[in-house]
Amino acid sequence: MLPRIAILTLAVGFAARAEDVATARKLEEMRLPVSAFFFYGEVLRGASTGPGAAEAAAAVQRLSDALHDEMFGPNLLAKLDAKAIAALPNASAPRVHAALALLQYRAGKFEAAQREADAVPKDSDAFPQAQYVAGLLAQRTAPERAVAVFNGVLSDGRSSAELRELSHLALGRTLYGMHRYGEASAEYAKLPRFSRHWDEALFEGAYADLMRGDPGAALGKLQSLHSPHLSDEFAPESENLAAIVYHQHCLWPEVRTALQRFDRIYLPIHDQVRAVLSRDPSPASLLAALDGKGDVELPTPVRHHLRKNERVESMLAYAARIDDERRRVRENEDFARSELGKEVVEVLAQNRDLTNDLLAKFVKGRLADLAHLIDVLEGEKDVIAFEATKGEKGFLERDVDAKKILASEALFRPQQPSTGHEYWAFDGEYWPDEIGYYQATIKDACPAKWKDPEESPVAKAGRPEHAEAKP
């Protein structure tokens, strides 16, 4: 038997949770979802079972989905045990498991992520999202199974356009890791032109083309990526890749041009990013910089790259909903003067500050990653430049006449499909309807005896280290 003081404490707790549920219902009826989300969340913070907890959990899941929230809701729902989730309405439980699968994957808790993904039944609309996470998990240890899982997501009519895009990208990366370069290239090519991750597909597809022995296709993709229409993309690795292609064909002037382009574009970006990090700007200033506002300046490609990140987008959208809700509460003067209205104003302000802090921390981490990537690529660039210089020296020592070799080679049209395509020679002017369809032919200035890897100073290209799975 519980002592009287414990019984009283429990009773007060149940009463408080019931009051929070009632308040949340009222705010949801007033179309104030962020405020309602907070009060439902208070119930879950107090207890994961008991009166009101099931309703609160279902509401947190529902509102989290509606707000496109990938952080606050899933972290609250992580308090629930399997029995509590099983007690949720049929439509809610699978969505909770799918959200937790992604949360645990991002936290590096792969066994927990697998359990959550496996708990989503096939007849649930959340099944494709859970399967996508299962595919990412299988990439690590069972790539053949990952291929089957991603193909299943792509063939599922319930998969969203965004999930399909991510699945094509993940499938391309899986196939690349299995050395199935032709299939990987074909998978990367399935991402829609000018879509969210098309720049990544162009770069990684170019690597796949190079590895399958088609440097012309690789250069064509890089030409699209380097076009004025994609000038806002952050793609420093692509400059080194272009240099590697030219290096493998002993085209030393073109190697230098590619490396100079890297220096011209990305070294200033590196210095700007490092300067921003050294200033340690306030969260509000850093987030304003994502919109190109305020006194903190981020290079346009960096801003664009950060805004494409799903977690950044999710938190920015959540912050915008908070701001909209604060405005609507202020405009409802009677409600704003009420005790509940005052509490809601305070709750929204606290949630905005928390969102700013978490988002700024994440953005700073990503900025540090980008600066480090440029550092790494600059080191690789120096190696390529050294090898190119050594190659030029070898030409001089062996009296190799590169111009004579190139003049003796014919430059043929690239292959094209038999129907539905026309051939146009590139004349230096970019047209939007041509971008993504470039195909190059390339001459080779390397002497025949340098074709032997033992003789050639040309480094073999490898997979870019940054090509990671994106949940």
Self-check item: Directionally averaged shadow of the chain, computed from the convex hull of its alpha-carbon atoms, nm²
Solution: 29.0
Exercise. Let me have the 222 nm mean residue ellipticity of the chain computed from DSSP H runs of 4+ only, each contributing -39500 (n - 2.57), with the sum over all residues rounded to the nearest 500.
Key: -22000 deg cm²/dmol
Quiz item: Looking at this model, which pairs from LYS83/LYS342; LYS221/LYS308; LYS221/LYS381; LYS308/LYS361 are more than 28 angstrom apart at the alpha-carbon?
Solution: LYS83/LYS342
Quiz item: Taking the Cα centre of the range 289-437 as the origin and placing charges on Cβ (Lys, Arg +1; Asp, Glu -1), which of ALA349, VAL296, PHE395 is farthest toward the positive end of the dipole?
Solution: ALA349
Quiz prompt | Most positive-pole-ward Cα, ALA86, SER285, PHE72, against dipole of the chain from beta carbon charges | solution = ALA86
Self-check item: Cβ-placed point charges (K, R +1; D, E -1), dipole of the chain about Cα centre in debye, nearest 20
Solution: 940
Quiz prompt | Accessible carbon and sulfur surface of the chain relative to its total accessible area, %, 1.4 Å | solution = 53
Quiz item: In whole angstrom, and with the biggest value first, how far do the Cα coordinates of the range 241-351 range along each principal axis?
Solution: 76, 26, 17
Quiz prompt | Two-site FRET efficiency, ARG398 against THR257, from Cβ-Cβ distance with R₀ of 35 Å, rounded to 0.05 | solution = 0.90
Quiz item: Measuring from centroid to centroid over Cα atoms, what is the spacing of the range 278-294 and the range 213-239 in Å?
Solution: 30
Quiz item: For HIS372 and GLU422, what does the FRET efficiency come to when R0 = 35 Å and r is the distance between their Cβ atoms, rounded to the nearest 0.05?
Solution: 0.20
Quiz prompt | Magnitude of the charge dipole, the range 323-422, Cβ model with Lys/Arg +1 and Asp/Glu -1, debye to 20 | solution = 240
Quiz prompt | Neighbour-limited loop hits for trypsin sites (Lys or Arg not before Pro), the range 266-319 (at most 13 other Cβ within 10 Å; DSSP other than H, G, I, E, B) | solution = LYS293
Quiz item: Quick one: accessible area per residue over the chain, 1.4 Å probe, rounded to a whole number of Å²?
Solution: 51
Practice problem: Would you mind pulling out the separation of the Cα centroids of the range 63-96 and the range 333-399, in Å? | Solution: 29
Quiz item: Just in the range 344-402: which trypsin sites (Lys or Arg not before Pro) are loop by DSSP and have at most 11 other Cβ atoms within 10 Å?
Solution: ARG398
Quiz item: Restricting attention to the range 345-442, which GluC sites (Glu not before Pro) occupy a DSSP loop and are surrounded by at most 15 other Cβ atoms within 10 Å?
Solution: GLU409, GLU422, GLU429, GLU434
Quiz prompt | For the range 369-430: rounded, prolate or oblate by the Cα gyration tensor [a/c cutoff 1.5] | solution = oblate
Practice problem: State which stretch of the chain is the longest one without any exposed chymotrypsin sites (Phe, Trp or Tyr not before Pro), exposure meaning a DSSP loop state and at most 11 other Cβ atoms within 10 Å. | Solution: 1-411
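The values are calculated or read from the model by the stated rules, or taken from the named source; none is laboratory data. Everything quoted here is computed from the prediction, not taken from an experiment. Note that each Cβ is placed from the backbone with ideal geometry, even for glycine, and that neighbours are counted across all protein chains shown. Just so you know, the surface numbers come from the protein's heavy atoms only, side chains and all, with ligands and any DNA or RNA stripped out. Shrake-Rupley method; radii C 1.70, N 1.55, O 1.52, S 1.80 Å.
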